[in-house]
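Okay, so here's the structure we're looking at.
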Amino acid sequence: MQLSEIWFLLIGVLFVGFVFLEGFDFGVGMSTKFLAKNEVEKRVLINTIGPFWDANEVWLITGGGAMFAAFPHWYATLFSGYYLPFVVLLLALIARGVAFEFRGKMNSVKWKKTWDWSIFLGSILPPFLLGVLFTSLIKGVPIDKEMNMTAGFFDIVNIYTVVGGVAFVLLTYMHGLMFITLKTTDSIRERAREQARKLFLACAVVVVLFVALTGVYTNAFADRGSVLIPLYALAIVLYLALYPLLKNKKEGFSFVTTGLLLILVMASFFIALFPNVMISSTDIANNLTVYNSASGEYSLKLMTIIAFTMVPIVLAYTVWSYYVFRKRVTDKEHLEY
Amino acid sequence: MKILVGGKKVMEALVLARIQFAATTVFHFIFVPLSIGLAFVIAVMQTMYLVKKKDVYKKMTQFWGKFFLINFAIGIVTGIIQEFQFGMNWSSYSRFMGDVFGAPLAIEALLAFFIESTFIGLWIFGWDKLPKKVHLASIWLVSISTMISAFWILTANSFMQNPVGYAIKNGRAETTDFLAVITNPKVLVAFPHVIFGALATGAFFVVGISAYYFLKKKDLDFFRRSVTIGLVIGLVSSLGIAFSGHSQSQYLMGAQPMKMAAAEGLWEDSGDPAAWTVVANIDTENKETKMSLEIPYALSFLAYGDFKGKVEGMNTLQAKYEKLYGAGNYIPPVKTTFWNFRIMAGLGGVLVLLSLMGLYMRRRGTLENKTWFLKILVATLFFPFIANTSGWIMSEIGRQPWIVNGLMRTSDAVSPTVSAGSVLFSLVSFTLVYTLLAVAMVVLFLRIIKQGPHEKQMDDIRDSDPFSEGGISHATK
């Protein structure tokens, strides 16, 4: 295995970690609009992700940084090519990040409403945009010989990519609901589970539609069918297993299941791409691949050593922080946010 | 004709992208130094709480911690833009430089951002859940990781100022010696300078607000203790700024003489020994500097640490660079470089003086009654912010026309596919959102100041709504 291939895998791992972790706090952010009945419940919900959301977001930032370091051409083409979606993504992440900190600092209705909307939009837009982005990546976008992406609006936003975006929103929302059942008590915990059961069918329809459209719009099944078909089969089995898990109130298993679903979907993007990192819809000769867009051997080797030393340490203290805050959040205790 | 129109559009996109980078970076760097500085101050206070076991130190930690957390949140979210902006607006730069420049950014995320974000969560939510010593360790880890973060981003910036440890291969810059990249002489002088600047920012923030409470004659014991910590850190860091600043200028003389000459408004070569210009009237059209007030020997000392030696002027260097790099203008915007240097250095000197005076008065116990001096100290709160900003403007503007000194021009670095319209859209929306953030932050800061350190819960005050009529004035009362 070449170093550039290892780095493709590592970036995949970073994005997988990102959807698994930030996935549920996007979901919790959305639930403040759809699940909370009053101010106290809203605060309970926000506090369930209080100690975690910031570190979860770092997975995305590290993913971006790793792309820059290991695949400068990928980073350059992707971020300049998807300029406007990234602007909106950044605005959403900014609004959301400060909202958690600011919201509880003043007891005024308008103040809170403002930050409530920031949290909601900041939690629903990023998974949607990232879903659109990854879906259009495996579909292919116009890229010229200089590796510059020249996509118009409909190259990025079309039926297939929108379905991909909606699928991501629904999956992260389900995942968030599962996290809530793990971290809250009483009525809100019951309602989160109920809502997930009600959403079960809708979410299934969208995800199946997404997989079907992947067959229509991309060559993923032709190129990588031997991996993708078993992977999607596994996803279906997992998804079907979710319903009895919900019914029998197996909260831990349900959470792991929605997490695994997100992981499988994100992994399927990377598998469908490989060995490309960006597919050109104009001429496949212009594809960016792990080989023609990577950094030099020296830099890759250096980064590999650093990554393999640091990532286990990061994982260790991340796990520890979840252990420290393992208790359920209730309104009986002091709520920080 | 068509090419001309296309060329003009690229120019517009370039100008807008530069404005956006400047605006978002300057804004980001208002919050970063305060975060670094306050994290350290708070860590010191919490350490004193554990050592002296007095409740007042816990209250101090929590009171100053409120400012810190609000500020920290804005610093983080405005930082995400920085991480993505290179690819978005400067894709040609990213392609050419990614091999060298990407690594420090990725390492920064792995080494600093993860620690920072995890342990800030542990600190905020862990007051009752962690053993006291572990909780204290959390804030120290946050403090240290903010500094680690500064090191890596300065390593990246230092390569732009003074490229080392690389070779041009495959049409781009590739790292050949990572050790050289992280021991770049530039980063070795810039890192202490920036860290001392950040510590001073945090220290004078505490000093300024404490002075305000002395003027109001409220919570004197609490703010006496705060101001002492602030003044001590302020004195040490402002002296640190001066010494590291001196090594910066000596570095500059060797590696970026054009920036040095511009910072001095020096068109022709100086005499030997060289005099330092305090103020002057610079005429960039006729390439002259008139009516200057000079201190003999001082520039030689600044440049070489010695009272002799001449300094090359911009005209000489321009001729040299034309031979080296071909025709073109290699002189940066002189007035901007010249004046920002003076604002930075002048304010730095003022900080040394004020912290010395403040500590002297504090020792004699007269500080809290010296109304005139307290008023100055309140204003001093803003000085480090201004100095930090002008220092960076001098550093980045003084490097122009290069984005990477001697390797790549700023005009060649911009994304070729991003239209001026797109950049205008992002520039306007970022500016708008940043303005709202700044307003929200000021409102929250004023509230905290108004409530004082002994308010039990933030939620208790119900009637001030910053968005309703008279809301802000209410909050400032």
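The values are calculated or read from the model by the stated rules, or taken from the named source; none is laboratory data. The model shown is predicted, which means the values in this text are computed figures rather than measured ones. Please note: Cβ atoms are built from the backbone with ideal geometry, for glycine as well, and neighbour counts cover all protein chains shown.
Residue-level check: of (1) of a type in the set (A, V, I, L, M, F, W, C); (2) in a helix (DSSP H, G or I); (3) at the interface with another protein chain (Cβ under 7 Å from one of its Cβ atoms), A:PHE26 misses just (3).
Residues that are aliphatic (A, V, I, L, M) and within 14 Å of chain A (Cβ to nearest Cβ) were ranked within segment B:145-173; the one that is surrounded by the fewest Cβ atoms within 10 Å (Cβ to Cβ) is B:ILE168.
Considering each residue of segment B:81-103 in turn, at least one proves to be under 27 Å from B:LYS169 (Cα atoms), touching a residue at least 12 places away in the same chain (Cβ under 8 Å) and outside any helix (DSSP H, G or I). Restricting attention to segment B:305-339, the residues being surrounded by 15 or more Cβ atoms within 10 Å (Cβ to Cβ), among the hydroxyl-bearing types (Ser, Thr, Tyr) and assigned to a helix (DSSP H, G or I) number 4. Please verify whether B:ALA43 is more than 8 Å from every other protein chain (Cβ to nearest Cβ), in a helix (DSSP H, G or I) and surrounded by fewer than 24 Cβ atoms within 10 Å (Cβ to Cβ), treating the condition exactly as stated. Yes: the conditions hold for B:ALA43. Within segment A:34-82, track down each residue that is aliphatic (A, V, I, L, M) and within 9 Å of chain B (Cβ to nearest Cβ). If the condition is that a residue be aliphatic (A, V, I, L, M) and within 9 Å of chain B (Cβ to nearest Cβ), then A:ALA55, A:VAL58, A:LEU60, A:ILE61, A:ALA66, A:MET67, A:ALA69, A:ALA70, A:ALA76, A:LEU78 are the ones that fit. Taken over segment A:134-175, residues that are over 26 Å from A:GLU194 (Cβ atoms) and under 11 Å from the mean Cα position of the chain (by Cα) amount to 1. Per the listing B:SER415, B:SER426, the residue uniquely in contact (Cβ under 8 Å) with a residue 40 or more places away in the chain, outside any helix (DSSP H, G or I) and surrounded by 19 or more Cβ atoms within 10 Å (Cβ to Cβ) is B:SER415. Looking across segment A:78-136, the residues that are aromatic (Phe, Trp, Tyr) and either crowded, with 22+ Cβ neighbours inside 10 Å or touching a residue at least 24 places away in the same chain (Cβ under 8 Å) (or both) come down to A:PHE79, A:TYR82, A:TYR83, A:PHE86, A:PHE100, A:PHE102, A:TRP111, A:TRP115, A:PHE120, A:PHE128, A:PHE134. Looking only at residues of segment B:109-144 that are surrounded by 22 or more Cβ atoms within 10 Å (Cβ to Cβ) and of a type in the set (Val, Ile, Thr), we find that the one that is farthest from the other protein chains (Cβ to nearest Cβ) is B:ILE139.
Given the criterion in the same structural domain as B:TYR251 (by TED's automatic domain parsing), under 24 Å from the mean Cα position of the chain (by Cα) and part of a loop (DSSP other than H, G, I, E, B), identify the matching residue among B:ARG399, B:ARG342. Of B:ARG399, B:ARG342, the one residue that is in the same structural domain as B:TYR251 (by TED's automatic domain parsing), under 24 Å from the mean Cα position of the chain (by Cα) and part of a loop (DSSP other than H, G, I, E, B) is B:ARG399. Of all residues in segment A:31-52, those satisfying the criterion of being over 28 Å from B:SER138 (Cα atoms) and surrounded by fewer than 24 Cβ atoms within 10 Å (Cβ to Cβ) are A:THR32, A:LYS33, A:PHE34, A:LEU35, A:ALA36, A:LYS37, A:ASN38, A:GLU39, A:VAL40, A:GLU41. Among the residues of segment A:126-170, the ones that are in contact with a Pro (Cβ under 9 Å, 6 or more places away or on another chain), farther than 20 Å from A:TYR75 by Cα and of a type in the set (S, T, N, Q) come to 0 in all. Annotation note: of B:GLY197, B:GLY208, B:GLY202, the sole residue that is crowded, with 19+ Cβ neighbours inside 10 Å and within 30 Å of B:LEU299 (Cα to Cα) is B:GLY197.
Per-residue answers, yes or no, for (1) assigned to a helix (DSSP H, G or I); (2) polar (S, T, N, Q); (3) farther than 30 Å from B:ALA173 by Cα:
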residue: A:PRO51; (1), (2), (3): no, no, yes
residue: A:ALA55; (1), (2), (3): yes, no, yes
residue: A:VAL58; (1), (2), (3): yes, no, no
residue: A:ALA69; (1), (2), (3): yes, no, no
residue: A:LEU90; (1), (2), (3): yes, no, no
residue: A:ARG96; (1), (2), (3): yes, no, yes
residue: A:GLU101; (1), (2), (3): yes, no, yes
residue: A:TRP115; (1), (2), (3): yes, no, yes
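Only residues that are within 17 Å of A:LEU130 (Cα to Cα), in contact (Cβ under 8 Å) with a residue 40 or more places away in the chain, out of contact with any Ser or Thr (no Cβ under 8 Å at 6 or more places or on another chain) and surrounded by fewer than 20 Cβ atoms within 10 Å (Cβ to Cβ) were counted in segment A:152-201, giving 1. For B:LEU302, state whether it is in contact (Cβ under 8 Å) with a residue 24 or more places away in the chain, in a helix (DSSP H, G or I), among the aliphatic types (A, V, I, L, M) and not assigned by TED's automatic domain parsing to the domain that holds B:GLY37. Criteria met by B:LEU302.
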